[in-house]
Structures are given as C-alpha cells and as structure tokens.
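Here is the structure we will look at, set down as structure tokens.
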Amino acid sequence: ESLDQLARRAPYDAASLRAAAAELRGAGLVADPIHGGAADCALTEAGCDVLARIVAARRAHLEEVFGQWTAEERGDLAALLRRVTRDLVPDVRTTGEHPAVAPPPPASG
C-alpha cells in the first residue's frame, strides 16, 4: 500500500505521512524501501526495540488504569477488546500480509 492510499484512509495527508516516514528513516527506525514503495519499509532492529518499549509502556499504563476495575468489568472489557481486535487488526501470522512477515520474493536467475 502506498502512502497516498494510506492517506485516503487515515486522518493525515500524504505529505505528512511522507515526512513522518522520512523522519523514521532518518532516526534509523525503518529501513529504506526495498522496491521503492512506502509499503516496503520494514522496521530495523532499533525500530523493533522502540516498538517493543512503546508496547510495554502502553500495557503497563493500561494495567495500572484497569487494575482499579472489578474483575467483572475487566472481563467485559477483555471480551470487547478481543471482538474489536479480530474485526480491525488482521492476524499477520495467518495472512502473511505484513511486510515484516511476508515471504521474500523468489530469487531471480
């Protein structure tokens, strides 16, 4: 998917997305596109480390907030999140649609 296609679905314009992608590349968090398209960008090792820290921090914050809820309220929320996640986030382990997990292109020659 190109940045232009992503911009049509996101609340950002293509120029803003290109600037953000360039900033991430400049910080060494994503690799330069392999095939010339933004969708071919992949997280670098440093990018994976940053993403892992962001996810851990978000989880810790959610645990703190929801730790004050009753067990029944937490169960209801967990069920809702599972349903929403299935609807909104593809399981890349089964679809293989994410560039980081997609199989490499066949060797030419």
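The values are calculated or read from the model by the stated rules, or taken from the named source; none is laboratory data. Model, not experiment: these values are computed from the prediction. To get the accessible areas, we keep the full protein, side chains included, count just its heavy atoms, and leave off ligands, DNA and RNA. Shrake-Rupley method; radii C 1.70, N 1.55, O 1.52, S 1.80 Å.
Only one residue in R93, R83 is modelled with pLDDT of 80 or more, open to solvent by 80 Å² or more (accessible area, probe 1.4 Å) and of a type outside the set (V, I, T), so which one is that?
Matching residue, one of R93, R83: R83.
For the stretch 61-89, how many residues meet the condition of being within 30 Å of R9 (Cα to Cα) and not in a helix (DSSP H, G or I)? Outline the logic, then answer.
Here is the first cut: in the stretch 61-89, the ones within 30 Å of R9 (Cα to Cα) are 61-62, 76-89.
After this cut, where a residue has to be not in a helix (DSSP H, G or I) as well, the list is 89.
Number of matching residues: 1.
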